[in-house]
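In what follows, a single structure is set out as structure tokens and then discussed.
The values are calculated or read from the model by the stated rules, or taken from the named source; none is laboratory data. These numbers were taken from a predicted model, which means no experiment stands behind them. When we count neighbours, we look across all protein chains shown, and the Cβ atoms used for this are built from the backbone with ideal geometry, even at glycine. Protein only, heavy atoms only, side chains kept; ligands, DNA and RNA dropped before computing areas. Shrake-Rupley method; radii C 1.70, N 1.55, O 1.52, S 1.80 Å.
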Amino acid sequence: MKSNKQKKLGSQKKRPIEKLEKWVNEHPKEADLPAMNITTGKTFTAREVLKELKKEEKTGIATVDKEFLEVKSNIKKWLEEI
Amino acid sequence: MVDILIIRNKCDPATVATNWIGKGLKSHLKSKGYTVTDLNDAQATPANVNYWLNYGNKRTKKVAICFDHGSCGAFYGEKNNAVTPVITKTNAEDLTKELHVYTFACSTSGNSCVGQTAVKKCCYSWLGYTEPVYVILGEYMPLKECIWSYIDAMVAGKTIEQCEAILKQAYKDRFSLHWIFKYNHDRLRLYKKQSGMSIITHNRCPSVDVYIRDNLKDKGKEPSQGSLALSPDIIITLDPVPNPEKKFGDMSKNYGKNEVEIGNDNHIYLRVSNKSNTSSDVHAKVYFAPLTTSCVPSSWEFIGETILKNVPAHGYKVSSKKDVIVWKDVPDPGNIHHFCVIASIAGSGDPHPDTSGIHTGGDYWKFVRDHNNIANLNIRMVNSVPDGLSLTNFRIQGFPSKTICDIELDAKALPAGSSIGIKIRRNMFKKGKTTLKNMYERTSRTSRTNYWFYIKKKGVGIIKNLEIPPGNGYQSTVEVKLSGNAQNDKVYPLRISQKISGKIIGSVTLLIHSLNIKQVQYIAVKSSHLVHKSSCPAVKNLNPENIVPYNSIEDARIDGFDWALDCLNKSFTSKNVSFRLAQKVLRFVNKVGDSKTLCKKVEDTLGIGYYKGGYGKTQKKGISLIRTTANRIIKRRKELGKFTSLQQIDEIPYVGKDTFIDIVNSFK
Ligand SMILES: [Zn+2]
């Protein structure tokens, strides 16, 4: 029983990219809001980040832009909480 | 001179966004009574910031709100349309001394950064972020509201810790809206000089001594003399007062009747005084506790808070219409139907007294006497006709350790011939230890659980050496049969004190208002719980012990009396129904099986006389509900789970006013 339950929970856990896609679909307005790092002035929307993630997954080539990496990691942390 | 300085430049895309967060803030704060300077865009220069913040001139008194660029070393403004530092590690000591700083800017709260440096010097508090923050471009209200939450908490007089908690919660509430809410939340850091500060108590204004009076003779001297249970500066009304400053403006008068109506909204007005040479804002918090001999802070429940702006030097201020504290849906305190109300106030440099050291009633009353920032209303007003009888329940409080105490009834002020008795739980009475002074036991009333003791001769009666087990307390009842010689419209006080080793550790005051039966407008009948017009034949020749006189029908309702059907059969709403009757109706309607039974209840109770009186027609034999209406009520009950207030029944569409009235009247 116990192992079954764990398995079920495990399979329910969505990957970040799926979670982000779901969020983008549910929050179309917020997904297009540009969020700016006040210090660096770099701006990203969640939709752009999702697009990049999908591209990375498809091509296997990751962006190395420092700010983008940071936003990506922040979004991943955030997705764990929502 | 202003309370608050806002700094928000606008010289690049990021500051266009942060600048917008501060847009409208000045007028918002002004509407709350604060004075504000808004250094907007090109005005956010180092020179202007220095002009408004330098400690020498103290032009800003309470808060600096900073929406702009930031770094570890500085908070920025602008000069010649370029980002320029305005508060730095070097000038922070002078510019932020004795102020609260609230930033929405990058990195000022990192380790050893400008925020921490400022607080290490003399800044009271600095809220900032440990790393760069993110802002949303475009006018995104949820972010603006989130950032403003801290400001609203500050200007409401909350402590800096509460402000921080409110901001964190505002961020959390928005986590699902955007990732930056979590990002910024995780990097928020508050530095503070000490805990428990607010912008009202800790700021650049001179320290003052504000007070709220314990009685009309109280001039704010510590310790105060005289009664502690009858503060004239806590005024409770049922309906909001349109012009309270005028209505309650005479400080030599006590306006309180101060009956609290259970199950309804009550309104609390305060009057605060200032002994000092400078004016001050005053923050006031109000609490309640069940009517008890000693309202120790552990029994307090928070009702609300308000700020009275600019209480003048050597003057006083009455709550304005805006400052009223609304006590929503006052809860039923159970067997003890009455409350103590406690007010605590704070002014500049004169914080709320710390209640943490109070454990016993003795501590508490000493605390009230010693602090002019605390006042109490621990009374109950009862109406009585001469020869009338009134009963009041209250609680005799015990303490963590075993308590040996005396209960003293001071009836010196009552007219000769009055009878005063008190019910005492048998287990407080220790044979051989407990003794009576000027009191006797009325054995005809002794029961398995209680004794009744009465005062022998006019004056003071004492029950000595009662014992209360650790952590306990007992409900007691005081019975007063007012002498037939009582004068009309006179108030007779009866004080019940709890004493330990001769010292008063708690007291409850009953004010018995004597009213002549021939001169009042309404007469309530205890046995039926109904109130009649005094001219009604139904109240002629009743035993005075069974009636209560009133000049206001609202007062009768507060005491649990509803309109009699013979002389007061008129239209009403849920607001006019007593808590007692409302509970009776709700219990039935929540339990009734089907709409048919509900109809039958109404049909069985309301006869032809009621119909004639209420509707003026005679064709029908009686009254019943229409089944479809009854069905609507049952349907609504299902939707709600159960009814929790009569208003919910009153508001059901298509049920109609008359039907509502018929249902309620069926339970009279
Ligand atoms: Zn009547």
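Between B:Asn516 and B:Asn541, the C-beta separation translates, for a Förster distance of 22 Å, into a calculated FRET efficiency of about 0.90.
When only the Cβ of Lys, Arg, Asp and Glu is charged (+1, +1, -1, -1), the dipole of the protein assembly as shown relative to its Cα centre reaches about 2440 debye.
Compared with the direct C-alpha span, the chain from B:Thr477 to B:Ser298 gains 62.1 nm at full extension, assuming 0.36 nm per residue. Nearest 10 degrees, 0 to 90: what angle lies between the long axis of helix B:361-370 and the longest principal axis of chain B (Cα atoms)? Tilt relative to chain B: about 60 degrees.
Taking each of A:Lys22/B:Lys32; B:Lys158/B:Lys366; B:Lys402/B:Lys526 in turn, the alpha-carbon distance tops 30 angstrom for A:Lys22/B:Lys32; B:Lys402/B:Lys526. Under the convention that each Lys and Arg Cβ holds +1 and each Asp and Glu Cβ holds -1, the size of the dipole of region A:16-81 around its Cα centre is about 120 debye.
Using a simple spin-label model with pseudo-atoms 7 Å out from Cα toward Cβ, A:Ile61 and B:Glu161 lie 5.6 nm apart.
The accessible-area ordering, largest first, of the residues B:Val326, B:Val655 stands as B:Val326, B:Val655, per a 1.4 angstrom probe. Start at zero, step by 20 Å, and the Cα-Cα distances of chain B spread as 16, 38, 32, 14, 1 percent across the bins.
Between B:Ala82 and B:His359, what is 0.36 nm times their sequence separation minus the Cα-Cα distance? Round to one decimal in nm.
Working: separation 277, 0.36 × 277 = 99.72 nm, distance 5.92 nm.
Net length gain for the segment: 93.8 nm.
Note on surface exposure: B:His267, B:His314 rank B:His314, B:His267 by accessible area, highest first, 1.4 Å probe.
Per-residue SASA remark: B:Tyr522, around 40 Å² accessible (1.4 Å probe; ligands, DNA and RNA not included). Taking 11 Å as the cut-off, the amide N atoms of region B:563-606 that come nearer than this to a point 7 Å along the Cα-to-beta-carbon line of B:Lys642 belong to B:586-592. Each of B:Asn472, B:Ser195, B:Cys340 was scored by the projection of its Cα onto the charge dipole of the protein assembly as shown, and the greatest displacement toward the positive side belongs to B:Asn472; charges sit on the C-beta of Lys, Arg, Asp and Glu. Treating the angle as unsigned and between 0 and 90°, give the value, to the nearest 10°, between the Cα long axis of helix B:141-155 and the longest Cα principal axis of chain B. The answer is roughly 70 degrees. Computed from Cα atoms, the angle from the helix B:595-605 axis to the main principal axis of chain B rounds to 50 degrees. The helix-based estimate of mean residue ellipticity at 222 nm for the protein assembly as shown, built from -39,500 (n - 2.57) per DSSP H run of four or more residues and divided by its residue count, is -8000 deg cm²/dmol to the nearest 500.
With label points built 7 Å along Cα→Cβ from the Cα atoms of B:Met141 and B:Lys168, find their separation and express it in nm. It works out to 2.8 nm between the two label points. Bridgeable aspartates and glutamates around B:Lys540 (alpha carbons under 17 Å apart, same-chain partners fewer than 8 residues away excluded): B:Asp387, B:Asp566. Rounded to the nearest angstrom and listed largest first, the equivalent-ellipsoid semi-axes of region B:210-377 from its Cα gyration tensor are 22, 20, 14.
Can you tell me the dipole magnitude for region B:210-377 around its Cα centre, using point charges on the Cβ only (Lys, Arg +1; Asp, Glu -1), in Debye to the nearest 20? Display every interim value, and only then the final one.
Values: 18 positive and 20 negative charges, 135 e Å.
Computed about the Cα centre, the dipole is about 660 debye.
In region A:28-43, the residues whose accessible area drops by at least 40 square angstrom when the other protein chains are added to the isolated chain are A:Glu30, A:Leu33, A:Pro34, A:Ala35, A:Met36, A:Asn37, A:Ile38, A:Thr39; the probe is 1.4 Å and only protein heavy atoms count. If you take the beta carbon distance between B:Gln583 and B:Tyr51 as r and set R0 to 60 Å, what does 1/(1 + (r/R0)^6) give as a FRET efficiency, to the nearest 0.05? Efficiency computed from Cβ-Cβ geometry: 0.45.
Projecting the Cα atoms of B:Leu494, B:Phe248, B:His267 onto the dipole axis of the protein assembly as shown, where Lys and Arg carry +1 and Asp and Glu carry -1 at the beta carbon, places B:Leu494 farthest toward the positive end.
Annotation for region B:169-241 versus region B:243-292: alpha-carbon center distance of 15 Å.
The residue list B:Cys122, B:Ser384, B:Tyr654 was ranked by how far each Cα lies along the charge dipole of chain B toward its positive end, using unit charges on Cβ atoms, and B:Ser384 comes out on top. Take the Cα of B:Arg442, step 7 Å toward its Cβ, do the same at B:Ser401, and the gap between the two points is 3.7 nm.
Beyond 19 Å, what share of the Cα-Cα pairs of region B:2-192 remains, rounded to the nearest whole percent? Please report the intermediate quantities before stating the final value.
Numbers: 9758 of 18145 pairs.
Pairs farther apart than 19 Å: 54 percent.
Rounded to whole numbers, the Karplus 3J(HN,Hα) couplings from phi for region B:44-61 are 7, 8, x, 5, 5, 4, 5, 4, 7, 9, 4, 5, x, 9, 6, 6, 9, 9 Hz, using 6.51 cos²θ - 1.76 cosθ + 1.60 with θ = phi - 60°, and x at Gly and Pro.
Can you put B:Lys464, A:Lys58, A:Lys72 in order of accessible area, largest first, using a 1.4 Å probe? Show your work: numbers first, answer last.
Numbers: B:Lys464 75, A:Lys58 185, A:Lys72 25 Å².
These residues rank, largest area first, as A:Lys58, B:Lys464, A:Lys72.
For B:Lys217, which aspartates and glutamates qualify as cross-link partners when the Cα separation must be under 17 Å and same-chain residues fewer than eight apart are set aside? Correct list for B:Lys217: B:Asp233, B:Asp250, B:Asp370. For chain B, give the share of DSSP beta bridges that are antiparallel, in percent and rounded to the nearest 5; count only bridges with both residues there. Among the beta bridges of chain B, antiparallel pairing accounts for roughly 80 percent.
Would you mind finding the longest exposed-site-free stretch of chain B, with exposed GluC sites (Glu not before Pro) meaning DSSP loop and at most 14 other Cβ atoms within 10 Å? Write down the numbers at each step before the final one.
Values: sites that count: B:Glu139, B:Glu651.
The longest uninterrupted stretch comes out as B:140-650.
Leaving out ligands and nucleic acids, and using a 1.4 Å probe, what accessible area per residue does region B:477-572 come to in Å²?
On the way: 4100 Å² over 96 residues.
Per residue, region B:477-572 has an accessible area of 43 Å².
Taken over the Cα atoms of the protein assembly as shown, the convex hull encloses 235 Å³ per residue.
Taking 17 Å as the straight-line reach from the Cα of B:Lys168, the aspartates and glutamates in range (excluding those fewer than 8 positions away in the same chain) are A:Glu81, B:Glu131, B:Glu145, B:Asp152, B:Asp186. Peptide B:476-489 has a mean shielding of 0, counted as Cβ atoms of other protein chains within 10 Å of each residue's Cβ.
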